[in-house]
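The values are calculated or read from the model by the stated rules, or taken from the named source; none is laboratory data. For clarity, every value in this text was computed on a predicted model and none was experimentally measured. Cβ: placed from backbone, ideal geometry, glycine included. Neighbour counts: every protein chain shown.
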Amino acid sequence: MKTMKKTIYILALALLLVTLIPSCDYNHETPPPVVEFTYGTIVTVQQVKALYDDQLAIADYTQRYPVQVTNDWALKGVITASDRIDGNLYKEAYVQDATGGLRMVFNSTGSLSIGDSVIINVKDLYVGDYGNFWQLGSVPYSESDGTIRVSGMNMDKQILKTSVGNKTRPDTLTIAQAKTAAYLGKLVTLKNVQFTDDMNGLTWADAKNQITENRDLTDCDGKAIVVRTSGYALFAGDVMPVKKGYLTGIVTIFNGTYQFVIRDYSEVNMTQLRCGEVEQILGSPVETLYEDFTGETASANIYITGWQNLSQAGGRYWQAKIFSGNTYAQATAYGSSQPSIISWFITNPVNISAQKILSFQSAQAYWAHGTEQPLRIYYSTDYNGTNLTSATWTEITTATLPTSTSVNYAFVNSGNINLPVVSGKSCVIGFKYSGSSSKTTSICLDNISITAAK
């Protein structure tokens, strides 16, 4: 009983102390008033865009003026791209409903995420354009060339987030389908696309100087669209994918040129064989081999079962050429605008548990490499058909190769080259051509042979 009374006394004392301690009121500041979000009639994205039709019809863009939304209107839609992912967008987001998509510009980076369902109070906002592409923003301002643009709106004041995590469902299209006015501002997935050969080896943008760049995307029908990437994007410095596949983003336009903007780099999926590219599986080891390219099609990329013809940079491959009835392989950078052309021709693996001899013939044409050698020969015992850049390649320096003084297209015998003897191992031979837009020497190969030593 005494213990119970003591406990009650302690509890009562504690309660009294709590009531006597003044509550924290943050220096007696008055909390901000709760502002109720109000909006008028829900209209469509297309209705808002239509307000600017007359201005877009003015050919001289410097004479256009943003149109204020005077009706008590609001938009309801889903955020399909925002500046919270990868840094490719800045102070902007895209909203989409059943009728289309629209770019919104803000006065600061915001809190909108892909998949947010929103209501946008558009009353008193302005519709303008940038390069004939609609923008929804705030009070207009004048640029140095006299062009009138919309300024960034106050996101917190104009937008109510009603739910998060909603699915965004892009339309899956070809490039030709995407390049229509109906898809401007909308989220789409482009299928069966690849970057053009001259994009090979480039990065998405200039990350060092943080300069936005355009890259050319095409499909197997030859249709093309520009992919525009900010120099501030987190993936700006990544090398462009060389394979074919699909990517998701927003269709835009700039002065008649359709553009595509990546919204999330994780949605770039380009791992398939390029248009017209043949799957090249490295063959099983053999004891000897010989290749003189008889039967290959002139001016076509060479694909030999068990061998590989690879472009490491610049999108150029070894091709078959025919002269005076003789077929041979040729690699060249002639006519290319690329800063780097690297083309590999890799043989079927050959067992080297006993002494093997390599020989071949090579020629040059129209030497433009100065003192550099455009052709280098390597062997590898750990190349597996997929690890081109990580395999160990040992250069063979004893082969006789054409030089700047060699006669054009006059084949030179390499001489007999002893390959290393490694018990239980096999090796491939890699013929590596390197060139550029200024180093355009053509190199020819013929009569590649690996035989057992006599």
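Summary table
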quantity: Residue within region 61-84 that is under 26 Å from residue 264 (Cα atoms) and assigned to a loop (DSSP other than H, G, I, E, B) present; calculated: yes
quantity: Exclusive hit being within 15 Å of residue 122 (Cα to Cα) and basic (Lys, Arg), set 186, 167, 157, 179; calculated: 157
quantity: Exclusive hit being surrounded by fewer than 23 Cβ atoms within 10 Å (Cβ to Cβ), within 28 Å of the chain's Cα centre (by Cα) and farther than 26 Å from residue 56 by Cα, set 115, 100; calculated: 115
quantity: In region 103-112, the residues that are touching a Phe, Trp or Tyr at 6+ places or on another chain (Cβ under 8 Å), over 12 Å from residue 150 (Cβ atoms) and buried (at least 23 other Cβ atoms within 10 Å of the Cβ); calculated: none
quantity: In region 287-333, the residues that are more than 24 Å from residue 439 (Cβ to Cβ) and outside any loop (DSSP other than H, G, I, E, B); calculated: 289, 290, 291, 306, 322, 326, 327
quantity: Members of region 258-286 found to be part of a loop (DSSP other than H, G, I, E, B), modelled with pLDDT of 95 or more and either within 14 Å of residue 175 (Cα to Cα) or among the small types (Gly, Ala, Ser) (or both), listed by number; calculated: 283, 284
